[in-house]
Amino acid sequence: MITRCGFKAFLTHVTPPFREGLGVGSLPSLWGRGWGWGLLFSLPFWGGLGWGFPLSAQQLHRYNPNFGLSAEHFCDTISIDVEDDLILVPVQIDDKVYRFCLDTGSSQGMVYANSNIPDLVPLGNIISRDANNHVDTVQVIQLPPFTLPTNSSQLTISGYVASLMPRHSISDKYDAIIGFDLFNRGICAKIDKQRGLLILTDEKKLFRAEEKVGYTLRYKLKWFVPYLYVSPFVRHTDEALFDTGAPLFYTMSRESFDEHLASDLANLHKNLGSGIERQVEGRAEGHLTLGGFGLEKKDEVVFLHLDRLKWGDFAFTDLHTITTQGASKIGAKLLDFGSVIINPFRKHITFQPYPAAVPSSGEEGLGVVANPSFATEGKGLGVVAKPSPSGELEGGSSSLPTGEGQGGAPSSVRVGNKQFSVAFVPYKGQAVVGLIWEGSPPYKAGMRQGDVILQIDQRPITSFADFQRFGFIKGERHRFRLRDEQGIEKIVECIIKE
């Protein structure tokens, strides 16, 4: 029997390693633009403390962002590419141009073992623990000097240190990763995805005026990467990693979610509950994240539909998200709605909403609410909203914050994204359904957790790499031949890209 479905899913890439400390990190995830298929990858943190491994002090390499810069008192603009929500920066080494992924979730750079980048100099080893608590030893290398082509001249970076990782099979869109050490070095930046620009400067006060009209959060460094506090529920805050290598807008730590839910249920009798349970759309068990050293353990994932997520005084409304085993994260989708300024001297990250966003049915980014006198509820019906004593808007369980913010900037935006549906992961060399939500169209069509992909449109899929290379076409229905955990084969037809 042939079953049919149309659904939204994701393609994840990998979030590179954090370095140093006892933490758990995550690789950049390759979630496809639009709505691809997906799996979520997490790269390792870096540890320099030994972890009981038989390495000498001379063999262990410590975190050090003091790489060389060819200029002082500079302000340069670099044209960037954005693919699958990844920020790709062109760099030149000798006469060849490469693309480096700018990943704020990685404390330091990363290069893959089979990279074509020449003249890598070994520096030693570090002990690294990935997002799934798997530990291994990783080699550290120094890249040759590389140049960033700018609007005025060229900025050359020398002595840049990176980890040397096995080649991931998730993306061939970039050759290496630039981590948050770029900013820990004392460089301020503005990332403007809408205009495709990255502005870099070593002048401390260059963006000061712009910061005053944006929404600024202070971050703290943990394992040399930036963590800040956002509010997913009324009267609740969540510590989240600002990670441009993560493709989704926001993911919540499962541990953090459980704490929020327990606290909320305990306050119900005081009429102080935030309605967290009401924002749960479903739960499912499976594998979502592939760490730098292996697949995560099977665990329950919670599917959430948040009324709003607050970044300071700015609200992102109507937001679907999921829980993960790793840290909570604010990902690259944030840049669909505004530019971001990073100021390492004050440890500030400032969000500046774009003046307007074009509505696009079924996709994230359904428009900035600039000046309405009401909040939207249900299917677009206007309801009068009034502030509660806590500062949140009242007027129904799904009221959305609206109005103007600092400097006349909009104070909210509707995200309106679709719920995550299915994740595909590599397992024993094959592409497998790692996680699927019971409320999703693919599940209703017959796809199940553990199904192995054998064919797509009669094309054999013998490895996860084959699956990645398959050219899914937007709006086209694809025919999957699957084998379930009992060894029974079945056919499912699905639209992967809508």
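The values are calculated or read from the model by the stated rules, or taken from the named source; none is laboratory data. All figures in this text were calculated on a predicted structure; none of them were measured in a lab. So basically every Cβ, Gly included, is an ideal-geometry build from the backbone, and we count neighbours across all protein chains shown. Remember, those area values only see protein heavy atoms, side chains included, never the ligands or the DNA or RNA. Shrake-Rupley method; radii C 1.70, N 1.55, O 1.52, S 1.80 Å.
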Of the residues in segment 317-357 that are open to solvent by 20 Å² or more (accessible area, probe 1.4 Å) and of a type in the set (A, V, I, L, M), the one that is nearest to the chain's Cα centre (by Cα) is 327
Being open to solvent by 20 Å² or more (accessible area, probe 1.4 Å), among the charged types (D, E, K, R) and out of contact with any Phe, Trp or Tyr (no Cβ under 9 Å at 6 or more places or on another chain) is the filter here; which residues of segment 206-224 pass it? 208, 210, 212
Exception for residue 209 within (1) touching a strand residue (DSSP E or B) at 6+ places or on another chain (Cβ under 7 Å); (2) outside any loop (DSSP other than H, G, I, E, B) falls at (1)
Report, by residue number, each residue of segment 119-141 that is at pLDDT below 85, open to solvent by 50 Å² or more (accessible area, probe 1.4 Å) and in a loop (DSSP other than H, G, I, E, B). 133, 134
Can you pull out every residue in segment 94-114 that is assigned to a loop (DSSP other than H, G, I, E, B) and modelled with pLDDT of 85 or more? 94, 95, 103, 104, 105, 106, 107, 108
Which of (1) modelled with pLDDT under 95; (2) part of a loop (DSSP other than H, G, I, E, B) does residue 144 not meet, given it meets every other one? (1)
What number of residues within segment 230-268 satisfy the criterion of being in a strand (DSSP E or B) and open to solvent by less than 30 Å² (accessible area, probe 1.4 Å)? 13
From the list 174, 227, which one is over 28 Å from residue 71 (Cα atoms), touching a strand residue (DSSP E or B) at 6+ places or on another chain (Cβ under 9 Å) and either at pLDDT 95 or above or open to solvent by less than 30 Å² (accessible area, probe 1.4 Å) (or both)? 227
Note on segment 462-493: residues assigned to a loop (DSSP other than H, G, I, E, B) and modelled with pLDDT under 90 are 470, 471, 472, 473, 475, 476
Has segment 108-118 got at least one residue that is farther than 12 Å from residue 175 by Cβ and open to solvent by 10 Å² or more (accessible area, probe 1.4 Å)? yes
Flag for residue 485 being open to solvent by 40 Å² or more (accessible area, probe 1.4 Å), touching a strand residue (DSSP E or B) at 6+ places or on another chain (Cβ under 7 Å) and under 23 Å from residue 428 (Cβ atoms): no
Given the conditions (1) among the small types (Gly, Ala, Ser); (2) at pLDDT 90 or above; (3) closer than 20 Å to residue 416 by Cβ, every one holds for residue 312 apart from (3)
Residues being surrounded by 14 or more Cβ atoms within 10 Å (Cβ to Cβ) and in a loop (DSSP other than H, G, I, E, B) - total across segment 440-461: 9
Residue that is modelled with the highest pLDDT, among those in segment 285-300 that are open to solvent by less than 10 Å² (accessible area, probe 1.4 Å) and assigned to a strand (DSSP E or B): 286
